[in-house]
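The values are calculated or read from the model by the stated rules, or taken from the named source; none is laboratory data. Quantities reported herein were computed from a predicted structural model and do not represent experimental measurements. Every residue, glycine as well, gets a Cβ built from its backbone with ideal geometry; the counts of neighbours run over all protein chains shown. Just the protein is used for accessible areas: all its heavy atoms, side chains included, with ligands, DNA and RNA removed. Shrake-Rupley method; radii C 1.70, N 1.55, O 1.52, S 1.80 Å.
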Amino acid sequence: MPGQFSSAQVEAIAALAHLELEASEVELFARQLGDILAYADQVQQIDTAGVPPTAHVVTRHSGDRPDEVVPSLDLHDALANAPDAAMGAGLFKVPRVIG
Amino acid sequence: MSQPVTLRGVRDAVRSGARAAVDVCREALSRLEALDAGLHAFNTVTAERALARAAEIDRDRAAWRDAPLVGVPVALKDNLCTRGVRTTASSRILDSFVPPYDATVVARLEAAGAVVIGKTNCDEFAMGSSTENSAFGPSRNPWARDRTPGGSSGGSAVAVAAGITPLALGSDTGGSIRQPAALCGIVGLKPTYGRVSRYGLLAFASSLDQVGPLTRTVDDAALTLSVLAGADPADATSAPEPVGDYVAALTGDLRGARIGVPSRMLDDGVDAEVARAFKSALDMFSGRGAVLVDVDLPHAKYATPVYYLVATAEASSNLARYDGVRYGYRAGPGEDGPAKAGQGPATAGPYVRDVRAEEDLRTMYSRTRERGFGAEVKRRIMLGTYVLSAGYYDAYYLKAQQVRTLILRDYDRAFERVDVVVMPTSPTPAFKIGERVTDPLQMYLGDVFTVSANLAGLPALSLPCGFTADRLPIGLQLTGRQFDEATVLRIADGYERETEWWKQEPEI
């Protein structure tokens, strides 16, 4: 597929990513994503048979810690940045999703 | 030529009582005030807090006497959380976000006596190489104001290069500390992955992100790293390895240092003036008793495509959290906003699925993200979503992770024979504002020498190594073994002692 994206393909990716693109962006991204993937396609030339993937480079973890209750974020502080929090109830709010 | 103001110089002056922390702070703020309209290094200035804190230090100087950064004004990239101080990542989606906690690096700097004077401009969510992808407009390079300072930590680099603060923190996912340091003529250090806590750094690509200092000298970078480094219970990827004495490592001795030169990588695409400065740096090293060793990094040329597959995949996942619910901007239910919920089938009783309402919620998410994110962030979320999607995961994401392994092995092999690998930091000096921003691929290609250190998790530092005929700074990059910042800093400091590039200042 690289090299070319149709508007429908771009819109399908946008839906997966929760992005409501404008028509001009659909057109722009169809071209740009195609260009970028065509360039990235050079990785296909490399023989990686039997090569394990690297997801991260952490070699040693800091280790376990005791499972103790420690102070955590204050409820009011946690809600303070929410665009529509129910402060009194201590809840985040979203648009209604059930009947 | 006047000597640049260093972190160490400021610290020693405050420590000895020669200068009050408040005076130092006031001077930094007035320089900021005078210059920032032209440079746009800062998104937020915390003048009152900074002065109050400096006064606190002055009141109890005895308690702060041994603090390693006492009285040092510092600028923080605006993707580092600061309790009670707006933190935007230069994104519209966070333009009124006030974190309820401090990033660990911020807490460590303040415990060491540093005084935060503001938050610096950057590419939105650290995605970019020019600071042009900021929702608040680009920063300008103090050496040539029609040029970018690089990015994404461009504002931090400008703050230091323009002499506003002797220290700024940045974050580096694919070169975002080193490249702006190079383009602004200062020192920038990306530590080993895990060396410095990422707690409170707004995540872009979690397997690649690291926080590090931008300074005028290698010594100042070493001093700062000593403060920042170390395990943090709040970041499970922070490393338990003991923290070295980075300042004591700076012996100035280059004799016998084994310096790897991946000459095959440098054949194409490097600006002639950059190539000349790099060659002179190599001559200096060998003239001072270092040994130049040709090394082969056969997969390094694939680092850029691998990086843009891995980083965007991680970004698409990390940025899913910006949905207008817990923090940040939410698209309102205006005329073109989500339709009113609860208009589903009339028979719908309590807790019955309401398809229309679900659709409204999804619309709220996607409209919030559409309006809250800028073009480059959307582009990367799209690319990352695509390479992780069914049918393409193996061909792109998995393949990129396998090549990442090969890049790591290349470095492992090289470090059997050498102490550091050197390259130019950027293939070109600072480019003009607007020159690359409409062509994302062109912008990505400029990251060719910096991204592999992130993929391999290695420490890498950029320091000044020359100027173009137009007086644009050129940077030299040294990459070291995992957790061997001491050697990187020692060799960089050895170079710095023999050269005068770091003393150059832009005419402001």
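For region B:380-464, what number results from the quotient of the Cα radius of gyration and 2.2 N^0.38 Å?
On the way: Rg = 15.9 Å, N = 85, 2.2 N^0.38 = 11.9 Å.
After normalising by residue count via 2.2 N^0.38 Å, the value is 1.34.
Per-residue mean of foreign Cβ neighbours for B:439-446 is 2 (Cβ atoms of other chains, 10 Å radius). Mean projected area of the convex hull spanned by the Cα atoms of the protein assembly as shown, taken over all viewing directions: 28.9 nm². Shown for region B:390-478: the carbon plus sulfur share of the solvent-accessible area, taken with all protein chains present and a 1.4 angstrom probe, equals 49%. Label point of B:D12 set 7 angstrom out along Cα-Cβ; within region B:97-125, amide nitrogens under 20 Å from it belong to B:113-115.
When the Cα gyration tensor is reduced to axis lengths a ≥ b ≥ c, the ratio a/c is 1.5 or higher for region B:129-233, and with a/b not above b/c it is classed as oblate. Using a 1.4 angstrom probe on protein heavy atoms only, which residues from region A:47-62 are buried by at least 30 Å² of accessible area when all chains are present rather than their own chain alone? Hits at the 30 Å² cut-off: A:T48, A:V51, A:P52, A:P53, A:T54, A:A55, A:V57, A:V58, A:T59, A:R60, A:H61, A:S62.
Note the full-extension length gain between B:D267 and B:Q504 as 0.36 nm times their separation in residues minus their Cα-Cα distance, in nm to one decimal.
That works out to 82.4 nm of additional length.
One chain, two ends: A:R31 and A:A78. Fully extended at 0.36 nm per residue, the span grows by 12.8 nm beyond their Cα-Cα distance. Peptides B:317-327, B:110-120 ranked from most to least packed by the mean count of surrounding Cβ atoms within 10 Å: B:110-120, B:317-327. Legend: calculated FRET efficiency, B:R49 to A:D64, from the Cβ-Cβ distance at R0 = 41 Å, rounded to 0.05, equals 0.65. What residue among B:G244, B:V306, A:S62 has its Cα farthest toward the positive end of the dipole of the protein assembly as shown, where the charges are +1 on Lys, Arg and -1 on Asp, Glu, each on the Cβ? Of the listed residues, the answer is B:G244. Here's how it looks for B:T44: its modeled amide H is under 5 Å from those of B:K119, which are all 5 or more places away or on a different chain. Accessible area per residue was computed with a 1.4 Å probe on protein heavy atoms; A:V43 scores about 0 Å².
Database remark: amide H of B:L476 closer than 5 angstrom to the amide H of B:T425, B:L463, B:C465 (H placed geometrically; neighbours at sequence offset of 5 or more, or on other chains; Pro and chain starts carry no H).
For the protein assembly as shown, a crude dipole built from +1 on the beta carbon of Lys and Arg and -1 on the beta carbon of Asp and Glu, taken about the Cα centre, is about 540 debye to the nearest 20. Between the C-alpha center of region B:212-241 and that of region B:1-22 there is a gap of 22 Å.
Cα-based radius of gyration for chain B, normalised by 2.2 N^0.38 Å, reads 0.98.
Assign unit charges at the C-beta atoms only (+1 for Lys and Arg, -1 for Asp and Glu), then state the dipole size of region B:214-313 relative to its Cα centre in Debye, rounded to the nearest 20. Please list the in-between numbers first.
Values: 8 positive and 14 negative charges, 62 e Å.
The dipole magnitude comes to about 300 debye.
Placing R0 at 35 angstrom, the Cβ-Cβ distance between B:Y101 and A:Q4 gives a FRET efficiency of 0.15 after rounding to 0.05.
Could you work out what % of the accessible surface of chain A is carbon and sulfur, using a 1.4 angstrom probe and leaving DNA, RNA and ligands out of the count? Please list the in-between numbers first.
Numbers: 3290 of 6170 Å².
That fraction is 53 percent.
Beta bridges per DSSP, both residues in the protein assembly as shown: antiparallel share near 70 percent.
Taking a ≥ b ≥ c as the square roots of the eigenvalues of the Cα gyration tensor, an a/c ratio of 1.5 or more together with a/b no larger than b/c marks chain A as oblate.
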